[in-house]
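Structure record follows, encoded as structure tokens.
The values are calculated or read from the model by the stated rules, or taken from the named source; none is laboratory data. Quick caveat, the model's predicted, so the values are computed rather than measured. Note that each Cβ is placed from the backbone with ideal geometry, even for glycine, and that neighbours are counted across all protein chains shown.
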Amino acid sequence: MARIGVMTFLHNDNYGSTLQAWALQKILLRMGFEAEHMDYRPSKKEKILNLVRSGNSPKLVLESLRKKSVRAGRPGAREKAESFGRFYQRQMKLSPPLKDHSALKKQAGQYDILLCGSDQIWSPVWLNPAYFLDFAAKGQRKVSYAASLGVARLEHPRKARKIRRLTQGFHAVSVREDEGAALMEKITGTRPLVNPDPVLLVGRDEWLALAQRPQTDEKYLLCYFIGNDESYWTRVKKLAVAKGLAIRVLPVTEASYQAGLPLADGASPQEWLGWISSAACLCTDSFHGAAFATLMHTELHIFRRYREDDPESKNSRIDQLTRMLYGGNQTADADWQQVDARLEVVRREALQWLRSALT
């Protein structure tokens with residue numbers, strides 16, 4: 001069976017990124033392929049070169065370094081980072097570390113097929129040609145599974161031209177959101193298929209088997225926010241009082257640490273799943289938070305992270321999820337039987353597409 005090298009985000013200590021990578025590899029192995037993730041760990045030189053060549057804003061790097069510094073000083077930071085390392089070591093197959101394009105190109109020769117996806121790997125905000133498989137050998141089969149652009153608009157003509165060039169030569173392309181498909185059509189002239197995030201291809205029972213539930217009998221409202229919006233907490237406290245629930249926070253942002261609420265800090269990917277599966281309800285502005293609440297049948301309250309007029313708004317990611325599985329309706333009072341029925345159709349069609357694209 002064909003050997004597949006997968007390119008996606010790794011090593012950012014992000015629960016959603018890690019678990020979608022795990023799910024995609026799990027599905028490929030189940031289909032009978034030999035699959036491993038290309039362990040891309042760009043050097044400082046590689047990052048600087050990409051910043052210049054891709055026209056990305058230096059502010060992104062500075063903000064990333066600032067957030068990394070803040071996270072490093074938190075009590076659970078080291079424990080969390082070590083748990084991700086153990087997860088990759090025990091739960092997934094990765095190539096040797098690859099620090100630049102030269103290493104990627106050499107490693108690519110080990111595979112019959114290169115597959116990129118999912119997550120925001122095609123984001124024009126932090127554009128990186130490596131995630132478009134620009135290191136592939138001439139004629140090597142390239143497939144994109146549910147790559148996300150994250151945004152609905154692209155106001156930089158130079159980046160549009162780069163994306164148009166980078167997506168040429170793909171054997172098959174799918175993206176994760178309708179907005180991304182429309183944007184790709186505007187950029188390239190061809191509208192790609194929309195496929196769900198890999199986490200939705202794995203069934204609820206498998207996720208529950210991977211999850212490590214917290215040692216508590218307390219009924220709680222769980223918070224998982226990526227946005228640093230202090231107004232979230234007023235809404236959270238009001239909802240918790242109305243439902244008679246305790247509050248627990250999976251902290252990511254500065255506001256999460258400063259809210260003065262009980263934390264579930266330093267959680268491993270398995271423990272993160274456990275906190276969501278055991279919660280009475282989840283408040284989140286995270287796509288993967290919303291996706292896993294859906295999979296776990298946890299009552300879901302979605303918070304809008306971006307203004308609708310923000311050109312870099314990534315609200316389309318959660319909008320796609322609610323359109324696809326909730327019929328665009330409110331998620332808090334979902335009919336899980338209907339949601340599961342929609343998910344089964346989406347899952348079946350996506351798996352058929354992926355197998356066809358790879359064979």
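Is it true that some residue in segment 44-54 is within 18 Å of Cys116 (Cα to Cα) and of a type in the set (Lys, Arg)?
no
Among (1) under 28 Å from Leu127 (Cα atoms); (2) in contact with a Phe, Trp or Tyr (Cβ under 7 Å, 6 or more places away or on another chain); (3) at pLDDT 95 or above; (4) not acidic (Asp, Glu), which single condition is Ala290 missing?
It fails just one condition, (2).
Considering segment 231-251 alone, what residues qualify as being within 27 Å of the chain's Cα centre (by Cα), assigned to a loop (DSSP other than H, G, I, E, B) and surrounded by fewer than 18 Cβ atoms within 10 Å (Cβ to Cβ)?
Passing the criteria: only Ser231.
Exactly one condition in (1) closer than 23 Å to Asn195 by Cβ; (2) outside any strand (DSSP E or B); (3) over 16 Å from the mean Cα position of the chain (by Cα); (4) in contact (Cβ under 8 Å) with a residue 60 or more places away in the chain is false for Glu155; which is it?
Condition not satisfied by Glu155: (1).
Using beta carbons and a limit of 6 Å, which pairs, at least six apart or on different chains, have the first residue in segment 253-275 and on the phi > 0 side of the Ramachandran plot and the second one in a loop (DSSP other than H, G, I, E, B) and modelled with pLDDT under 95?
Gly266/Gly76
Give the residue that is surrounded by the fewest Cβ atoms within 10 Å (Cβ to Cβ), with candidates limited to residues of segment 166-223 that are hydroxyl-bearing (Ser, Thr, Tyr) and more than 25 Å from Thr294 (Cα to Cα). If you could, list the steps in order and put the result at the bottom.
Start the filter on segment 166-223 by keeping residues that are hydroxyl-bearing (Ser, Thr, Tyr), which leaves 167, 174, 188, 190, 216, 220.
Next cut, more than 25 Å from Thr294 (Cα to Cα) only: 167, 188, 190.
Details: Thr167: 20, Thr188: 17, Thr190: 10.
That would be Thr190.
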